[in-house]
Amino acid sequence: QVELSESGGGLVQPGGSLTLSCTASKNIAGFHAMGWFRRAPGRQRELIAAFTGSQPGQVADSVKGRFTISRENAKNMLYLHMDDLKPEDTAVYYCNMSPYPNEVIWGQGTLVTVAS
């Protein structure tokens, strides 16, 4: 069983930047898919950005041009770099990985709060 650990959340002012990190307990190079989701207060969880195989794919319209997903296979890490943060980006951010198509693993989540 792969375990995920997220870090990098915190309080940031509007317009600021943060980078979230997700560390996997196993090699991620051949994983089926991975990505970042978030759940804002009172809202459903939404997909922010993801890789399918090794290719970056879907990015939510709400963060396009501001958020960038990347990975570092040698360190078993997935990143989400967030620029120009807005109050509406406040949410718990979750790392998600699928080593195989029928296996989905979630991290514990990291809180990002955007406020003055």
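The values are calculated or read from the model by the stated rules, or taken from the named source; none is laboratory data. In this text the structure is predicted, and so the values were computed from the model without any measurement. Note that each Cβ is placed from the backbone with ideal geometry, even for glycine, and that neighbours are counted across all protein chains shown. Accessible surface is based on the protein model in full, side chains and every heavy atom, while ligands, DNA and RNA are left aside. Shrake-Rupley method; radii C 1.70, N 1.55, O 1.52, S 1.80 Å.
A simple charge model with +1 on the Cβ of Lys and Arg, -1 on the Cβ of Asp and Glu and nothing else charged puts the dipole of the chain at about 60 debye relative to its Cα centre. 3J(HN,Hα) along region 22-27, derived from phi through the Karplus expression 6.51 cos²θ - 1.76 cosθ + 1.60 where θ = phi - 60°, amounts to 9, 9, 9, 7, 9, 4 Hz, with x in place of Gly and Pro. Surface exposure of region 44-98, expressed per residue as accessible area with a 1.4 Å probe, stands at 49 Å². Remark: the residue 103-residue 25 segment gains 26.6 nm on full extension, using 0.36 nm per residue and subtracting the alpha carbon distance. Around the amide H of residue 28, modelled in the peptide plane, lie the amide H atoms of 76, all under 5 Å away and 5 or more residues distant in sequence or on another chain. Selection among 17, 30, 70 by position relative to the dipole of region 1-81 gives 17 as farthest towards the positive end (Cβ unit charges, Cα centre).
Computed from the alpha carbon positions, the gyration tensor of the chain leads to an equivalent ellipsoid with semi-axes of 23, 13, 13 Å, biggest first. Stretched out straight at 0.36 nm per residue, the stretch from residue 52 to residue 68 would grow longer than its current Cα-Cα span by 4.3 nm.
Annotation: lysines with alpha-carbon distance below 18 angstrom to residue 26 (same-chain offsets under eight excluded): 75. Where a Cα-Cα gap under 20 Å defines reach, which lysines qualify for residue 64, not counting those fewer than 8 residues away within the same chain? Answer for residue 64, where 20 Å is the Cα cut-off: 86, listed by chain and number. Share of carbon and sulfur in the accessible area of the chain stands at 49%, probe radius 1.4 Å.
Computed 3J(HN,Hα) for region 102-116, one whole-Hz value per residue from the Karplus formula 6.51 cos²θ - 1.76 cosθ + 1.60 where θ = phi - 60°, is 9, 10, 10, 10, 10, x, 7, x, 9, 7, 10, 10, 10, 7, 6, glycine and proline marked x.
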